[in-house]
1. Working from Cα positions, state the angle (0 to 90°, nearest 10) between the long axis of helix 113-145 and the longest principal axis of the chain.
2. Keeping every protein chain present and rolling a 1.4 Å probe, give me the accessible area per residue for segment 116-219 in Å².
3. Report Rg/Rh for segment 46-191, rounded to two decimals, where Rg is the Cα radius of gyration and Rh the Kirkwood radius.
4. Note the angle between two axes, namely the Cα long axis of helix 197-206 and the longest principal axis of the Cα atoms of the chain, as a number of degrees from 0 to 90, rounded to the nearest 10.
5. What's the local net charge at Ser144, with K and R +1, D and E -1, over the other residues with C-beta under 15 Å away?
6. Along the three principal axes, how long is segment 216-320 when you take its alpha carbons, biggest first, rounded to the nearest angstrom?
7. Please tell me which of these pairs span more than 19 angstrom C-alpha to C-alpha: Lys198/Lys255; Lys85/Lys126; Lys119/Lys168?
8. Over segment 267-374, consider all pairs of different Cα atoms and compute the Kirkwood hydrodynamic radius from their mean reciprocal separation; express it in Å, one decimal.
Amino acid sequence: MLRKFLAVSIIILTFSCNKEKTTGFVINGTINASANGKKVTLIKADMKNQELLDSTTVTNGKLVLDGLVETPDIYVLSIEGVNGKMPIVVENTEMTISFDTDTLLNSQITGSKENDVLKEFLELSKPLQKKNMSLAGEFRAAQSKGDTVKMKELRETFNTLLEETNEKNIALIEKHNDKVTSAAFLDNLLTTKAIETKKAQEIYNSYTDDVKNSRLGKSINEKIEVAIVTAEGSIAPNFSATNPEGKTIALNDIKGKATIIDFWAAWCGPCRKENPNVVKVYNKYHDKGLEIISVSLDGTPRQKDAKAAWVEAIEKDNLTWHHVSNLQYFNDPIAKQYNIQAIPATFILDAEGKIVAKNLRGQELEDKIAEMLN
């Protein structure tokens, strides 16, 4: 959970030696001379598009990064031979960084209002990080003793701390409605479903036009729109894709009295673990009107043959219902349409195609289908 919460902290920095001011950004950096000759890179902190913005090498304890960005955005700065990565907001201004080669996150940035705000957010997360390390040690000790009561208590403690920290983050997000950094953290809260859609929309509407028109502002707007159309009570958006035999199948063509849309993948351990339960539910209720369409997010670069892995998993797990995939991992257009950030993920539809429940597993899934069809 903490890793999700702090995912936005994996964002990058830019450094530079003195140069003439340009219409773009200039990052002047100073660093210990032991880093001389080391490569410095600045990469966009967008998991879907990790493009290199600029790179340089350290010379005489100094470095310069420069260029032009369309709107301020989060980047990740790394230095060859130095542990860790440093988040930085790159905006078209001149910045100065004094690098800490022991802990990059302790480096000091001046000349950038966006990074002043980023520092506020990062400082806010530090108590949670520190407490999480302590709780993790206690949790491992309780786990080794099989002390489930203590484990539950520790989970509840962490969840309470996380909720409190998220509330503080939301207050800070609202305070800085003119900064793209604020949008970065709101985008993260939306991705991790740590904020209600209505509240996120309220904050988004308060943003300045510059923030709304940034990449992160547009991302927030898209996620809000998807959250609204895939909310319980909404009619599930139609989609179509090809099955393993190459035939196109559309959701609207196969819907039953009850329909499960199941996002999964052959490489997903929790998905495969849940499959026997889904098979049981399907076999029990298919004759009463249950249909399932599984959307595979296979296609990760780690798979040598994504289609073969997909087909093999279908056969091995005895999944005898409808299957489609674009084999594009989380870039699958259906996954984007339904804002799928993690799998397994399920949507349960009634006879009219209305979403009546989400992400039910095990007995809860069977109980819901039984309620609908018995």
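The values are calculated or read from the model by the stated rules, or taken from the named source; none is laboratory data. Quick caveat, the model's predicted, so the values are computed rather than measured. Methodologically, a virtual Cβ is constructed for each residue, glycine included, from the backbone with ideal geometry; neighbour enumeration extends over all protein chains shown. Please note that ligands, DNA and RNA were not included when accessible areas were found on the heavy atoms of the full protein model with its side chains. Shrake-Rupley method; radii C 1.70, N 1.55, O 1.52, S 1.80 Å.
1. 50
2. On the way: 5820 Å² over 104 residues.
I get 56 Å² per residue for segment 116-219.
3. Values: Rg = 18.6 Å, Rh = 17.8 Å.
Expressed as Rg/Rh, it is 1.05.
4. So the inclination is approximately 30 degrees.
5. Working: positive: Arg140, Lys145, Lys150; negative: Glu138, Asp147.
Net local charge, Ser144 excluded: +1.
6. 42, 39, 27
7. Working: Lys198/Lys255 29 Å; Lys85/Lys126 16 Å; Lys119/Lys168 14 Å.
Checking Cα-Cα distances, Lys198/Lys255 exceed 19 Å.
8. On the way: mean 1/r = 0.0683 Å⁻¹.
Radius from the Kirkwood sum: 14.6 Å.
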